[in-house]
Amino acid sequence: MSWVTIDQEKCNDCGLCVLRCAGCFSKENETIVANADIECCNLCGHCISLCPTGAIVHSKMDMENFIHVDKAVGMDTDTFIQFIRKRRSHRHFKDKEISRELIEKLIDTCRYAPTGGNLQGVEIMVIENREKINELSSLTVDFFNIIGTSAEEQLAQLPSEEKTSKKGFLLQRTARYKERLTRARETGYDSIFHHAPVVMVFHSHLETASAKDDCVIASTTIGLTAMTMGLGTTYIGLFDAAAKNHPPVNEALNLPPGHGVFSVLIMGYPKLKYQRTVDRKPIKTTWV
Ligand SMILES: Cc1cc2nc3c(=O)[nH]c(=O)nc-3n(C[C@H](O)[C@H](O)[C@H](O)COP(=O)(O)O)c2cc1C
């Protein structure tokens, strides 16, 4: 039984569906037929989106959610580039809650971000509870304490000529993290989540091949959309690293079985307003 049906009254035989997806559509005796099932259809919806006459109906998708593309909606390139350059990581937030309505709107928007094989396996944990945020922050500092101590021990054993090697550099960086994060915790500063009102943890099943890419694309989509709402975000790789390597973090998070953390954002209303864009190195490019 095909997941897709074609209303032959509406079909104008343009063949766009066959061109886009020869696996699910074919032309038989001058008529286009659909044979879409789990073997060929990954629910991308392109056939419905392309069909000029609205002849295609998919039984596994919400047909009400295929909205006509408004050709007038767009942004000129320079405006878009300014928007991208305006993005900053924010670590100082106003003491102001983000409404549930806005967070839900952001989450709904990132449904439309791409995922490998259209698997759509990204899940989001929104953490607003202050005690939980503090607990996760402290567990992350614990983790950096453990690896920082180990780095200090390894550095002490490292021959002086190796101190400037890549290994030496990484060990020194880890030792510095320990020092910086521990000192901040002692003074009551949350140097992991920066006292943000919201922490978003993007997680997915560990066996999903594109889990990291899917979660990072989802978090980037949310981060950019959040800017249009006057919100600021920052990726928190420190927590990502702790979640991957320090079991107490995962226990405190209590993700669904088999899931791992692949991207983390903090979010809030920024206290600081940046007046200028910033300089960045040119991208090293090779042309082949
Ligand atoms: C993968 C990734 C992980 C990051 N992890 C952290 C983090 O743990 N803590 C933090 O304060 N900033 C973190 N950042 C923010 C970077 O420090 C920031 O993007 C960089 O300094 C450039 O500043 P900008 O985002 O304002 O352009 C991370 C950024 C990325 C892309």
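The values are calculated or read from the model by the stated rules, or taken from the named source; none is laboratory data. Values in this document were obtained by computation on a predicted structure and should not be read as measured data. So basically every Cβ, Gly included, is an ideal-geometry build from the backbone, and we count neighbours across all protein chains shown. For the accessible areas, the whole protein counts, side chains as well, though only heavy atoms, and no ligand, DNA or RNA atoms are used. Shrake-Rupley method; radii C 1.70, N 1.55, O 1.52, S 1.80 Å.
Mind checking which residues of the stretch 244-255 are closer than 15 Å to I133 by Cβ and in contact (Cβ under 8 Å) with a residue 60 or more places away in the chain? Within the stretch 244-255, V249, A252, L253 qualify.
Just one of L155, L170 is touching a Lys or Arg at 6+ places or on another chain (Cβ under 8 Å) and either open to solvent by less than 20 Å² (accessible area, probe 1.4 Å) or hydrophobic (A, V, I, L, M, F, W, C) (or both); which is it? Don't jump to the end; show me each part of the working.
Numbers: L170 fails: touching a Lys or Arg at 6+ places or on another chain (Cβ under 8 Å).
Answer to the selection: L155.
A Cβ distance below 7 Å, combined with a sequence gap of six or more or placement on separate chains, defines the contacts here; from the stretch 80-93, residues that are among the hydroxyl-bearing types (S, T, Y) reach residues that are assigned to a strand (DSSP E or B) in the pairs S89/T234.
Take the conditions in contact with a Phe, Trp or Tyr (Cβ under 9 Å, 6 or more places away or on another chain) and within 15 Å of the ligand (Cβ to nearest atom) and apply them to S219. Does it pass? Break it down stepwise before answering.
Numbers: in contact with a Phe, Trp or Tyr (Cβ under 9 Å, 6 or more places away or on another chain): yes; within 15 Å of the ligand (Cβ to nearest atom): yes.
Criteria met by S219.
A quick yes/no check of all residues on (1) surrounded by 14 or more Cβ atoms within 10 Å (Cβ to Cβ); (2) within 26 Å of the chain's Cα centre (by Cα):
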{"site": "W3", "(1), (2)": "yes, no"}
{"site": "T31", "(1), (2)": "no, no"}
{"site": "A34", "(1), (2)": "yes, no"}
{"site": "C51", "(1), (2)": "yes, no"}
{"site": "I56", "(1), (2)": "yes, no"}
{"site": "K60", "(1), (2)": "no, yes"}
{"site": "N65", "(1), (2)": "no, yes"}
{"site": "M75", "(1), (2)": "no, yes"}
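Among the residues examined, R111 does not qualify as under 19 Å from the mean Cα position of the chain (by Cα) and within 16 Å of the ligand (Cβ to nearest atom). Tell me, please, whether a residue that is in contact with a strand residue (DSSP E or B) (Cβ under 6 Å, 6 or more places away or on another chain), closer than 30 Å to D108 by Cβ, in contact (Cβ under 8 Å) with a residue 40 or more places away in the chain and aliphatic (A, V, I, L, M) can be found in the stretch 128-143. Yes, the stretch 128-143 contains a residue that is in contact with a strand residue (DSSP E or B) (Cβ under 6 Å, 6 or more places away or on another chain), closer than 30 Å to D108 by Cβ, in contact (Cβ under 8 Å) with a residue 40 or more places away in the chain and aliphatic (A, V, I, L, M). Among the conditions (1) more than 14 Å from the chain's Cα centre (by Cα); (2) of a type in the set (A, V, I, L, M, F, W, C); (3) part of a helix (DSSP H, G or I), F193 misses just one, which is (3).
For the stretch 93-125, the set of residues classified as open to solvent by less than 50 Å² (accessible area, probe 1.4 Å) and of a type in the set (A, V, I, L, M) consists of I98, L102, I103, L106, A113, V122, I124, M125, listed by residue number. Within the stretch 231-258, being more than 13 Å from the ligand (Cβ to nearest atom) and either among the acidic types (D, E) or open to solvent by less than 30 Å² (accessible area, probe 1.4 Å) (or both) holds for L231, H246, V249, E251, A252, L253, L255.
To keep it simple, each residue is scored yes or no on (1) under 18 Å from K96 (Cα atoms); (2) open to solvent by 40 Å² or more (accessible area, probe 1.4 Å).
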site	(1), (2)
I217	no, yes
T220	no, yes
T225	no, no
I266	yes, no
L272	yes, yes
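Filtering R180, R173, R185 for residues that are touching a residue at least 24 places away in the same chain (Cβ under 8 Å), over 15 Å from the mean Cα position of the chain (by Cα) and part of a helix (DSSP H, G or I) leaves a single hit, R185. The single condition among (1) closer than 20 Å to G116 by Cα; (2) open to solvent by 70 Å² or more (accessible area, probe 1.4 Å); (3) in contact (Cβ under 8 Å) with a residue 40 or more places away in the chain that H46 does not satisfy is (3). Every condition in (1) open to solvent by 50 Å² or more (accessible area, probe 1.4 Å); (2) more than 27 Å from F202 (Cβ to Cβ); (3) in contact with a Phe, Trp or Tyr (Cβ under 8 Å, 6 or more places away or on another chain) is met by L16 except one, and the failing one is (3).
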